[in-house]
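Student: Input: one structure, supplied below.
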Amino acid sequence: MKIAMIGTGYVGLVSGVCFSDFGHEVVCVDKDPRKIEMLEAGKVPIYEPGLDALMAKNVDAGRLSFTMDLEKAINGAEAVFIAVGTPTRRGDGHADLTYVMAAAEEIAKTAKDYVVVVTKSTVPVGTNAAVRKVVAEANPELDFDVASNPEFLREGAAIDDFMKPDRVVVGVETERAAKVMADIYRPLYLRDFPIVTTDLESAEMIKYAANAFLATKITFINEIAALCEKVGADVKAVSKGMGMDGRIGNKFLHAGPGYGGSCFPKDTKALARIGQDHASPISIVETVIKVNEDVKRRMIDKLVDLCGGSFNGKSVAVLGVTFKPNTDDMRDAPSLTIVPALVGGGAKVTVVDPQGRREGEHMLPGVAWADDPYAAAQGADLLVILTEWNEFRALDLSRLAKGMASAKLADLRNIYSADAAQEAGFIAYDSIGRAAVAS
């Protein structure tokens with residue numbers, strides 16, 4: 001089957017590459033000539049483990065290509081996926097659907113034969129109905145269906161998530177569209193991965209509800225962590241005990257400096273606005289959004305305390321600025337709140353991140369960059385772990401402490417223990433949901 005994928009951002013590129021690996025002919029379209037040039041040269045514009053090799057494999061096999069020519073991509077395609085950005089609209093928290101609707105109109109004006117217009121982008125409930133209207137008005141003669149196919153890809157593990165999904169969600173209105181979508185996902189169906197077929201509105205809601213629930217779990221454990229610090233409990237033990245309950249599960253119960261990334265901040269805000277617009281407010285989600293911002297500010301308070309009440313004149317080494325490991329994505333990362341607070345308070349900040357520098361250099365002005373944690377920590381008054389990259393999980397703490405002017409560690413991902421830090425020579429250690437230690 002021939003598939004056109006509009007948009008070569010994270011979702012579009014990963015999905016297009018994986019569909020081609022299913023054996024489909026996939027043409028990825030983008031209006032950005034720089035992106036298309038990179039892709040045609042075999043270069044991946046995002047960091048996702050394994051994506052470059054899988055892309056090269058399918059390009060070599062003749063199943064995957066890239067173009068700026070929409071007509072070339074759509075001609076002969078049975079399904080056209082819309083995988084463009086839906087950023088938070090400034091001022092009101094709504095998802096900005098400008099790019100989605102523009103893509104729908106262009107599809108309508110370009111397509112000549114029956115096609116299923118599939119929304120892969122994360123969109124509010126009712127968007128696919130609006131897409132149907134846009135297509136019908138732009139080309140009343142076109143024979144088409146619409147479908148909703150939300151993505152559930154974790155950055156850093158996207159290929160595995162696509163190839164071995166917990167479920168695939170497909171929203172359709174007709175049997176004809178359902179048949180096309182079933183053919184697209186046939187390789188997963190044959191391996192007994194669950195395919196949830198439902199109506200358009202339910203498919204749209206599933207995506208938002210799932211992300212909001214996961215964001216709520218993260219925020220809940222972060223609030224429990226704050227209480228643990230007050231009462232002397234250990235949040236790691238609490239999380240473990242909670243996670244053993246099959247009704248709760250152990251995922252997304254790791255305390256930290258707050259959630260970030262391309263999905264949770266945007267989707268929780270959009271869902272909250274949907275509730276408000278329909279006079280059915282989701283108070284839990286609204287609170288989650290507020291508390292997540294409070295968590296980031298609480299991290300700043302921790303760092304101020306470790307610096308003796310002021311950042312001014314202090315040298316701080318920060319390990320990790322992407323919102324999670326195994327990605328170069330910095331959208332709404334806690335670092336974008338915490339690092340500017342350090343710089344604004346007068347600290348000299350040196351940052352180390354395996355993949356974050358490309359985005360970070362313009363998003364975090366006023367910081368120095370280093371390739372090595374030990375070099376960054378040399379002469380520092382405080383070492384802060386913000387992202388739990390594997391490279392930071394087995395550091396020589398003694399070597400770090402010896403090179404610092406004042407050996408203090410803020411472990412905001414609970415990678416190490418107070419005992420290990422003290423034995424290594426750190427005079428102060430603080431983490432999340434555990435008692436701070438100072439010698």
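Bear in mind these aren't lab numbers, they're just calculated from the coordinates by the rules spelled out. All figures in this text were calculated on a predicted structure; none of them were measured in a lab. Backbone-built Cβ (ideal geometry, glycine too); neighbour counts: all protein chains shown.
Student: As I understand it, the dipole of the chain uses +1 on the Cβ of Lys and Arg and -1 on the Cβ of Asp and Glu, about the Cα centre. Which of Ala104, Phe193, Ser398 lies farthest toward its positive end?
Tutor: Ser398
Student: Moving on to the next point. Let me spell out the model: positive unit charges on the Cβ of Lys and Arg, negative unit charges on the Cβ of Asp and Glu, origin at the Cα centre of segment 2-198. What dipole size does that give, in debye rounded to 20?
Tutor: Dipole magnitude for segment 2-198 comes out near 140 debye.
Student: In sequence order, what are the phi-derived ³J(HN,Hα) couplings for segment 343-350 according to the Karplus relation 6.51 cos²θ - 1.76 cosθ + 1.60 with θ = phi - 60°, rounded to whole Hz, with x for glycine and proline?
Tutor: Coupling constants for segment 343-350: 5, x, x, x, 7, 8, 10, 10 Hz.
Student: Report the calculated FRET efficiency for Ser417 and Lys72 (r = Cβ-Cβ distance, R0 = 51 Å), to the nearest 0.05. Write down the numbers at each step before the final one.
Tutor: Values: r = 58 Å, r/R0 = 1.13.
E between Ser417 and Lys72, to the nearest 0.05, is 0.30.
Student: Same structure again: Give the Rg/Rh ratio for segment 1-110, taking Rg as the radius of gyration of the Cα atoms and Rh as the Kirkwood radius, to two decimals. The partial results should precede the final answer.
Tutor: On the way: Rg = 14.0 Å, Rh = 14.2 Å.
My calculation puts Rg/Rh at 0.98.
Student: Taking the Cβ of Tyr189 as the centre, find all other residues whose Cβ is under 14 Å away and add up their charges (Lys, Arg: +1; Asp, Glu: -1).
Tutor: Values: positive: Lys164, Arg167, Lys179, Arg186, Arg191; negative: Asp183, Asp192.
Taking every Cβ under 14 Å from that of Tyr189, the sum is +3.
Student: Enumerate the calculated ³J(HN,Hα) couplings along segment 111-126 in order (Karplus 6.51 cos²θ - 1.76 cosθ + 1.60, θ = phi - 60°), each rounded to whole Hz, writing x wherever the residue is Gly or Pro.
Tutor: The phi angles translate into 5, 10, 10, 3, 8, 9, 8, 10, 8, 9, 4, 6, 9, x, 4, x Hz.
Student: Determine the dipole magnitude for segment 231-302: charges of +1 sit on the beta-carbon of Lys and Arg, -1 on that of Asp and Glu, nothing else is charged, the reference point is the Cα centre, and the result goes in debye to the nearest 20. If you can, show how the numbers build up before the last one.
Tutor: Details: 12 positive and 8 negative charges, 41 e Å.
I would put it at about 200 debye.
Student: Where the Cα atoms of segment 151-221 are projected onto their three principal axes, how long is each span, largest first, in whole Å?
Tutor: Projected onto the principal axes, the Cα atoms of segment 151-221 cover 44, 26, 17 Å.
Student: Relative to the compact-globule scaling 2.2 N^0.38 Å, provide the ratio for the alpha-carbon radius of gyration of segment 71-185.
Tutor: Details: Rg = 14.5 Å, N = 115, 2.2 N^0.38 = 13.4 Å.
In units of the 2.2 N^0.38 Å rule of thumb, it is 1.09.
Student: Amide H of Ala79: which non-local residues (sequence gap of 5 or more, or other chain) have their own amide H closer than 5 Å, using H built in the peptide plane?
Tutor: Here the answer is Ala4, Val116, since their amide H atoms fall under 5 Å of that of Ala79.
Student: Also: To the nearest 20 debye, what charge dipole does the chain have about its Cα centre, counting +1 at the Cβ of each Lys and Arg and -1 at the Cβ of each Asp and Glu?
Tutor: Values: 49 positive and 60 negative charges, 186 e Å.
In debye, rounded to 20, the chain gives about 900.
Student: Multiplying the sequence separation of Asp301 and Asp277 by 0.36 nm and subtracting their Cα-Cα distance, what value in nm do you get?
Tutor: Numbers: separation 24, 0.36 × 24 = 8.64 nm, distance 3.55 nm.
Here the segment from Asp301 to Asp277 would lengthen by 5.1 nm.
Student: Going down the list Lys43/Lys296; Lys2/Lys120; Lys2/Lys324; Lys240/Lys302, which pairs span over 28 Å between their C-alpha atoms?
Tutor: Values: Lys43/Lys296 35 Å; Lys2/Lys120 16 Å; Lys2/Lys324 34 Å; Lys240/Lys302 24 Å.
Going by Cα-Cα distance, Lys43/Lys296; Lys2/Lys324 fall outside the 28 Å limit.
Student: Calculate the all-directions average of the projected area of segment 25-76's alpha-carbon convex hull, and give it in nm².
Tutor: Working: hull surface 14.2 nm².
Value for segment 25-76: 3.6 nm².
Student: Taking every DSSP beta bridge with both residues inside the chain, roughly what % is antiparallel (nearest 5)? Don't jump to the answer; show the numbers that get you there.
Tutor: Values: 5 of 48 bridges.
Roughly 10 percent of the DSSP beta bridges within the chain come out antiparallel.
Student: While we're looking at this one, here's another question. Could the peptides 37-43, 377-383 be put in order, highest first, of the mean number of other beta-carbon atoms found within 10 Å of their residues?
Tutor: On the way: 37-43: 13.1, 377-383: 22.4.
With the highest mean Cβ count within 10 Å placed first, the list reads 377-383, 37-43.
Student: Pick out, from Gly12, Val27, Asn58, the residue whose Cα sits farthest towards the positive end of the charge dipole of segment 1-104, with +1 on the Cβ of Lys and Arg and -1 on the Cβ of Asp and Glu.
Tutor: In segment 1-104, that residue is Gly12.
Student: Can you compute the FRET efficiency between Met163 and Arg393 using 1/(1 + (r/R0)^6), with r the Cβ-Cβ distance and R0 = 35 Å? Round to the nearest 0.05.
Tutor: E(calc), rounded to 0.05, equals 0.85.
Student: How big is segment 209-439 by the Kirkwood estimate over distinct Cα pairs, in Å?
Tutor: For segment 209-439, inverting the mean 1/r across all distinct Cα pairs yields 18.1 Å.
Student: Once amide H atoms are placed 1.01 Å from N in the peptide plane, what residues at a sequence separation of 5 or more from Val349, or on another chain, have their amide H within under 5 Å of its amide H?
Tutor: Val316, Ala368
Student: Follow-up. In cubic angstrom, how much convex hull volume per residue do the alpha carbon atoms of the chain span?
Tutor: Details: hull volume 66.4 nm³, N = 439.
Output value, Cα hull per residue: 151 Å³.
Student: If you wrap a convex hull around the alpha carbons of segment 2-198, what volume per residue comes out, as a whole number of Å³? Working shown, then result.
Tutor: Values: hull volume 23.2 nm³, N = 197.
Considering the Cα atoms of segment 2-198, their hull volume per residue is 118 Å³.
Student: While we're looking at this one, here's another question. Between segment 339-364 and segment 159-197, what is the C-alpha centre distance in whole Å?
Tutor: First find each Cα centre; the distance between them is then 41 Å.
Student: Between Lys43 and Asn250, what is the spin-label point distance in nm, taking each point 7 Å from the Cα along the Cα→C-beta axis?
Tutor: With each label point 7 Å from Cα toward Cβ, the separation is 4.2 nm.
Student: Just for segment 2-198, what percent of DSSP beta bridges are antiparallel, to the closest 5?
Tutor: On the way: 3 of 29 bridges.
Given both bridge residues lie in segment 2-198, the antiparallel proportion sits at roughly 10 percent.
Student: Continuing with the same structure: Measure up Lys230/Lys266; Lys230/Lys290; Lys31/Lys290 against 27 Å on the Cα-Cα distance and list the ones that go over.
Tutor: Details: Lys230/Lys266 31 Å; Lys230/Lys290 21 Å; Lys31/Lys290 36 Å.
Listed pairs above 27 Å: Lys230/Lys266; Lys31/Lys290.
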